[in-house]
Every structure is written in C-alpha cells, then in structure tokens.
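Everything on this sheet refers to the single structure shown next.
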Amino acid sequence: MREIVTHRLSGHRDAVRYIRDTVPEAVRLVRQAKSGPMPRTRWVLTTLDGLHEVGAESIGRAVGVPRSVWENDTLHGEHGPSDRPYAYTVIAPHGVDILIAVREALDVLDGVLVHEPVHALQIGRARRDETAFMLHEYGVHPLSAWQLRRAHQRRRHDEAEAQRIEHRLLARL
C-alpha cells in the first residue's frame, strides 16, 4: 500500500504531481530489480525542516521511545545517508516513510524515486535490526561493539546496493 502526502510544503505543484504520477512506475521497477515484500510505505513530500521533523517522529514512534527522546532529534549521520540530505527512508510505526525535501531534490528527483524504495525493501527485510540500531542511536539499548560493526556494515551494504539499483533503473524511469 502506498500513500503520498505533503507536509508543510507550499508551492511545487508540478513536482508533487510528477512524483504522484511517477511513484507507481518507480516502485514497479524496483520490485522487478529486487525481490522481497514491500512494507507499507508512506511518501512524505516536505521541506528540509519537515523532513527532519517527520523523520524523527516516525523513527521514535516506530521504536517505541517517549516523545522526550525523539522530539529534539534531527536526522543525521546514522539516521540516513549523509550524501543525500534531501531524502531518507526511515522505519515508521506502519512500515516505512520515504521522506523527500522536494525543493532540494528537484534536480535528482528520478534518482530519489528509484533509490528510496530500495531502502524501503531493505528496512522491511531487516526491521528488527533497524529497530535495534535506532534504539542504540537513541541511547536506550546499546549494541555491543560487534553488533554495532555489523549494523554499520549492513547499512553500508544497503546504501551500495541502492546506488547500484538506482544507476541501473534510472534510464528506464
């Protein structure tokens, strides 16, 4: 199930329409390229501030930490790929949220639309690991050094896989 919503986004009607029209095809291409169950996905089209706000809340609620833990959090470093500060896919209570800062992503929108669904599949596959990692990040339940190395390795592998699939699919979108 896919839901596409806007959050604190004004203007950018053409980009929002393009995203709504293109997401089904992008997800179809990703599903052909990578198997596995696609979790329930909510696409949130927002501003850069909205991206951080919604992302922190989605993660916090998904892993069950109190609001006081996540309300002042910002997405950085381990919460999302640092080379793409305009789009993140995060664990959410219902499945995953794909968050896009529309204005910042305009020049690379097609890449984002195929890259982020790969992360949705990855998080769906490793939800328990992602929850444990985020609880570590919040300081609620620290991982051992070995578990933390493994989590970082999984995240690096996932990012490399998403980039490979993005490059392969970009011309087909």
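The values are calculated or read from the model by the stated rules, or taken from the named source; none is laboratory data. Note that the structure is predicted; figures quoted are calculated from it, not measured. When we count neighbours, we look across all protein chains shown, and the Cβ atoms used for this are built from the backbone with ideal geometry, even at glycine.
For the stretch 142-160, the candidate set comprises residues that are free of Cβ contacts under 8 Å to residues at least 60 places away in the same chain and closer than 25 Å to ARG28 by Cα; within that set, the residue that is surrounded by the most Cβ atoms within 10 Å (Cβ to Cβ) is ASP158.
Taken over the stretch 11-62, the criterion of being in a helix (DSSP H, G or I), β-branched (Val, Ile, Thr) and at pLDDT 95 or above is satisfied by VAL16, ILE19, THR22, VAL23, VAL27, VAL30. Among all residues of the stretch 128-138, there is at least one that is exposed (fewer than 15 other Cβ atoms within 10 Å of the Cβ) and part of a helix (DSSP H, G or I). Only a single item in (1) crowded, with 18+ Cβ neighbours inside 10 Å; (2) under 21 Å from GLN163 (Cα atoms); (3) more than 16 Å from the chain's Cα centre (by Cα) is not met by SER35, and it is number (1). Taken over the stretch 22-56, the criterion of being without any contact (Cβ under 8 Å) to a residue 60 or more places away in the chain and within 13 Å of THR89 (Cα to Cα) is satisfied by ARG40, ARG42, TRP43, VAL44, LEU45, LEU51, HIS52, VAL54, GLY55, ALA56. Residue count for the stretch 109-141, restricted to those that are of a type in the set (Gly, Ala, Ser), touching a residue at least 40 places away in the same chain (Cβ under 8 Å) and in contact with a Leu (Cβ under 9 Å, 6 or more places away or on another chain): 1.
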